[in-house]
1. Out of ILE367, ILE352, I need the residue that is β-branched (Val, Ile, Thr), over 16 Å from the mean Cα position of the chain (by Cα) and either modelled with pLDDT of 80 or more or farther than 17 Å from PRO275 by Cα (or both). Which one?
2. Considering (1) of a type in the set (Val, Ile, Thr); (2) under 24 Å from ARG114 (Cα atoms); (3) open to solvent by 30 Å² or more (accessible area, probe 1.4 Å), say which one VAL249 fails and leave the rest.
3. State the number of residues belonging to the stretch 272-324 that are surrounded by fewer than 20 Cβ atoms within 10 Å (Cβ to Cβ) and in contact with a Lys or Arg (Cβ under 7 Å, 6 or more places away or on another chain).
4. In the stretch 344-354, what residues are within 23 Å of PHE55 (Cβ to Cβ) and in a helix (DSSP H, G or I)?
5. Determine whether the stretch 256-273 contains at least one residue that is over 25 Å from GLN111 (Cα atoms) and in contact with a helix residue (DSSP H, G or I) (Cβ under 8 Å, 6 or more places away or on another chain).
6. Here are LEU204, LEU241, LEU193: which of them is over 20 Å from LEU98 (Cβ atoms) and open to solvent by less than 30 Å² (accessible area, probe 1.4 Å)?
7. Regarding the stretch 218-232, can at least one residue be identified that is open to solvent by 50 Å² or more (accessible area, probe 1.4 Å) and within 21 Å of SER115 (Cβ to Cβ)?
Amino acid sequence: MPRSSLEPPVEAGPTPTGPEPNLHKLSTALRDRVEVRSLAITGLFVLAAFYTLYFARAFFLPVVFAILLDFLFSPVLRILKRGRIPEPVGAALVILGLLGFVGAGAYSLAQPARSWVSRAPASMEQIRGKLRLIRRPVQEVSRAAEQVEKAARAPASESGPAEVVVKGPTAAERLFGTTQTIVIGAIEVLILLYFLLAAGDLFLQKMINVLPSFGDKRRAVEIARETEASISTYLVTLTLLNVGEALAVTGAMYLVGVPNPLLWGVLAGLVEFIPYIGPTVLLLVLAAAGLTTFDTLGHALLVPGAYLVVNFVQSNLVSPLIMGQRLTLNPVAIFIGLAFWWWIWGVPGAFIAVPLLATLKIFCDHIETLAPIGEFLGR
């Protein structure tokens, strides 16, 4: 029957729905997903950068060396510019002076180095003979182990497979590359260094012009100037310290009686550009040189002992006193940087590892978001 108009309308009950969505949980999940995605993209970018640096080292090494040398010689070029010498002429004078210094040093040390290298096979036999008494117990143990291995191993057939010997690159080629690569890289460094020095502040001015705000321009100038000053101060101070150590090692080798003491002094000054690794390698080389030069074991051990004393005084007394806080880098960061750049670029990478770390620290100290990295690299 039809409903009366006086009856109140029947209210509809609540429509059954599911649980209300939690917007906070949804936003958190989306944010975590974005962070994971960003982290993955960053990781892929880092791996791609490592891959590029490793396989394109023939391109990047001359560029990095030229930029560091530009930091080193820019103050010299400014001094020449104050003397009203144009920048292209001043750059040519710097390049000629560098070539003359390196050429004179290489010419004076080439013959002693060649004589030591030519005597290397005979020297190894002398070292084996002098160390025979020390190695005898180890040799006896090794001989017994070989006999046990031969007894346990089945006899091999007389007609075995032909042995194929593949000649690989020498140790020097693996460390430094071939002679052609070294010469081409040196020419690239000199040409690029000349253009960088002759251009002066051209690249800095262009970078400032493209930056949008005045604050960014001022920060770019501060980073560039402080980087140049810090790297220049570090390289000049380190070079002077290494020259002093080279002179001290030369005198010590002369007093001990080692032939060609200047050669060992120059090597001592060069390896100091590679902290930890360089002095250790030279210590072993000097021990071998002492064993091949002198008859008695005590006199032979004086050679690495004298270098060890000089290096200890330089590393623990002279360097901290002169360097002070000019380059405050974390020793752990230095060691990690050495291992990384050695792996990426070999010995040349180890030479420039510390200047690159110093440059990275100065850059990070001026960028607020990268400040934690600069804090980690510092002491």
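The values are calculated or read from the model by the stated rules, or taken from the named source; none is laboratory data. Please read these numbers as outputs of a predicted model, since none were measured by experiment. With ideal geometry, Cβ positions are generated from the backbone for all residues, glycine too; neighbour counts draw on all protein chains shown. Just the protein is used for accessible areas: all its heavy atoms, side chains included, with ligands, DNA and RNA removed. Shrake-Rupley method; radii C 1.70, N 1.55, O 1.52, S 1.80 Å.
1. Values: ILE352 fails: over 16 Å from the mean Cα position of the chain (by Cα).
The conditions single out ILE367.
2. (3)
3. 1
4. In the first step, residues of the stretch 344-354 are kept if they are within 23 Å of PHE55 (Cβ to Cβ); the result is 344-353.
Of everything in the stretch 344-354, those that are within 23 Å of PHE55 (Cβ to Cβ) and in a helix (DSSP H, G or I) turn out to be ILE344, TRP345, GLY346, VAL347, PRO348, GLY349, ALA350, PHE351, ALA353.
5. First, pick out the residues of the stretch 256-273 that are over 25 Å from GLN111 (Cα atoms): none.
No; the residues of the stretch 256-273 include none that is over 25 Å from GLN111 (Cα atoms) and in contact with a helix residue (DSSP H, G or I) (Cβ under 8 Å, 6 or more places away or on another chain).
6. On the way: LEU241 fails: over 20 Å from LEU98 (Cβ atoms); LEU193 fails: over 20 Å from LEU98 (Cβ atoms).
Exactly one of LEU204, LEU241, LEU193 is over 20 Å from LEU98 (Cβ atoms) and open to solvent by less than 30 Å² (accessible area, probe 1.4 Å), namely LEU204.
7. no
Here's the yes/no breakdown for (1) at pLDDT below 85; (2) of a type in the set (Asp, Glu); (3) outside any helix (DSSP H, G or I); (4) open to solvent by less than 80 Å² (accessible area, probe 1.4 Å):
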position	(1), (2), (3), (4)
GLU35	yes, yes, no, no
LEU39	yes, no, no, no
PHE45	yes, no, no, no
PRO62	no, no, no, yes
ALA66	no, no, no, yes
PRO75	yes, no, no, yes
ILE79	no, no, no, no
ILE85	no, no, yes, yes
PRO88	no, no, no, yes
